[in-house]
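Novice: Have a look at the structure that comes next, please.
The values are calculated or read from the model by the stated rules, or taken from the named source; none is laboratory data. It should be emphasised that the depicted structure is a prediction, and the values quoted were computed from it without experimental measurement. Cβ placement follows ideal geometry from the backbone for every residue including glycine, while neighbour counts extend to all protein chains displayed. These accessible areas exclude ligands, DNA and RNA; they are computed on the full protein's heavy atoms, side chains included. Shrake-Rupley method; radii C 1.70, N 1.55, O 1.52, S 1.80 Å.
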Amino acid sequence: MDSLLEKTTSAGTTREHELKMWSDASGASYSFVFTHAGKVECAIPSFRAESRLRVRATGFAADESCRFCDPLEAEVMDAEGNVLYPFATQLDDIALVRERIQTGAELRLAPCAFAESLESWPDEAAYEASRKPGKALLGSRFFVPNPAALLARPQDTPPPPAEPRAHFTGHVKSADVLTNSVTGHSFQHALVQTYGGTFDVLAAVDEATPLLRPGNIVRGTFWLVARVTAGLG
């Protein structure tokens with residue numbers, strides 16, 4: 001982290017904070033929220049996403065540990081403006097944009113999905129062939145926002161707060177292995193088309209993680225982080 005902090009540039013300031021960002025040629029990035037006294041209050045990993053997502057803002061959920069990690073709650077919309085589903089994502093630029101996001105505003109987000117679990121199939125035929133007898137198989141473009149909210153819980157228990165996570169299945173449109181120039185670590189980057197849009201998916205390069213290729217079908221659980229690219233009031 002210290003080596004990243006040495007290479008940050010200022011993205012903007014507010015009355016109480018400054019947002020500094022680091023990124024390199026691979027697209028890997030980190031956002032740091034500083035107080036004006038020079039203390040780091042929050043650090044969020046991200047990526048310079050190529051994909052764009054059309055959403056309507058509905059508010060912010062509360063993160064118990066950090067106000068700069070409060071997820072944006074929004075509704076994903078299609079090209080005609082029809083609402084597809086609600087979801088939540090962290091924002092790596094929340095320190096600068098939170099006060100400018102109005103409820104009901106249409107935003108464009110650059111979304112990243114960091115893989116927490118990941119499976120893959122060579123193609124759609126292989127995915128369909130993986131169906132177990134007597135079991136349903138979700139479509140190859142299927143999106144479940146906030147999957148923790150679907151877990152069984154005692155009656156009369158309120159639903160858990162919105163989390164910046166999703167479980168989805170999608171088609172790999174492009175894929176590559178990139179290297180972080182500071183750490184020297186490699187990682188996978190893929191554009192994955194799922195229901196409602198395309199996400200920049202980031203995944204590890206190790207024996208436990210499948211190597212993604214264009215045409216693959218992938219399924220997994222992902223932590224979501226995005227940057228606002230348009231629509232601020």
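Novice: Taking into account only those residues within region 83-102 that are part of a loop (DSSP other than H, G, I, E, B) and modelled with pLDDT of 95 or more, which is farthest from THR35 (Cα to Cα)?
Specialist: Result: ILE101.
Novice: So, one more: Is there a residue being touching a residue at least 24 places away in the same chain (Cβ under 8 Å), over 14 Å from PRO164 (Cβ atoms) and either touching a Lys or Arg at 6+ places or on another chain (Cβ under 8 Å) or buried (at least 19 other Cβ atoms within 10 Å of the Cβ) (or both) anywhere in region 6-16?
Specialist: yes
Novice: Would you tally the residues in region 31-59 being in contact with a helix residue (DSSP H, G or I) (Cβ under 9 Å, 6 or more places away or on another chain) and open to solvent by 50 Å² or more (accessible area, probe 1.4 Å)?
Specialist: Summing the residues that are in contact with a helix residue (DSSP H, G or I) (Cβ under 9 Å, 6 or more places away or on another chain) and open to solvent by 50 Å² or more (accessible area, probe 1.4 Å) in region 31-59 gives 2.
Novice: While we're here: I'd like to verify a number: residues in region 56-67 that are at pLDDT 95 or above and under 21 Å from LEU19 (Cβ atoms), how many?
Specialist: 2
Novice: Please find, within region 150-163, the residue that is least open to solvent (accessible area, probe 1.4 Å) out of those that are modelled with pLDDT under 90, closer than 21 Å to PHE222 by Cα and in a loop (DSSP other than H, G, I, E, B).
Specialist: Out of the qualifying residues, it is ALA162.
Novice: Same structure again: The conditions are (1) open to solvent by 20 Å² or more (accessible area, probe 1.4 Å); (2) modelled with pLDDT of 95 or more, and ALA28 fails exactly one of them. Which is it?
Specialist: So the condition that ALA28 fails would be (1).
Novice: State whether the residues of region 192-200 include one that is within 23 Å of SER140 (Cβ to Cβ), in contact (Cβ under 8 Å) with a residue 60 or more places away in the chain and in a loop (DSSP other than H, G, I, E, B).
Specialist: Within region 192-200, one or more residues are within 23 Å of SER140 (Cβ to Cβ), in contact (Cβ under 8 Å) with a residue 60 or more places away in the chain and in a loop (DSSP other than H, G, I, E, B).
Novice: May I ask you to list the residues in region 33-71 that are of a type in the set (A, V, I, L, M) and assigned to a strand (DSSP E or B)?
Specialist: Selection gives VAL33, VAL40, ALA43, ILE44, LEU53, VAL55, ALA57.
Novice: Pairs, please: C-beta under 9 Å, at least 6 apart or cross-chain, first residue over 9 Å from ILE217 (Cβ atoms) and modelled with pLDDT under 90 and in region 119-137, second outside any strand (DSSP E or B) and open to solvent by 90 Å² or more (accessible area, probe 1.4 Å)?
Specialist: Once the first residue is over 9 Å from ILE217 (Cβ atoms) and modelled with pLDDT under 90 and sits in region 119-137, its partners that are outside any strand (DSSP E or B) and open to solvent by 90 Å² or more (accessible area, probe 1.4 Å) give LEU137/ARG131.
Novice: I'd like the full set of residues that are of a type outside the set (S, T, N, Q), open to solvent by less than 30 Å² (accessible area, probe 1.4 Å) and over 30 Å from LYS7 (Cα atoms), limited to region 164-191.
Specialist: Answer for region 164-191, where residues must be of a type outside the set (S, T, N, Q), open to solvent by less than 30 Å² (accessible area, probe 1.4 Å) and over 30 Å from LYS7 (Cα atoms): ALA166, PHE168, GLY170, HIS171, VAL172.
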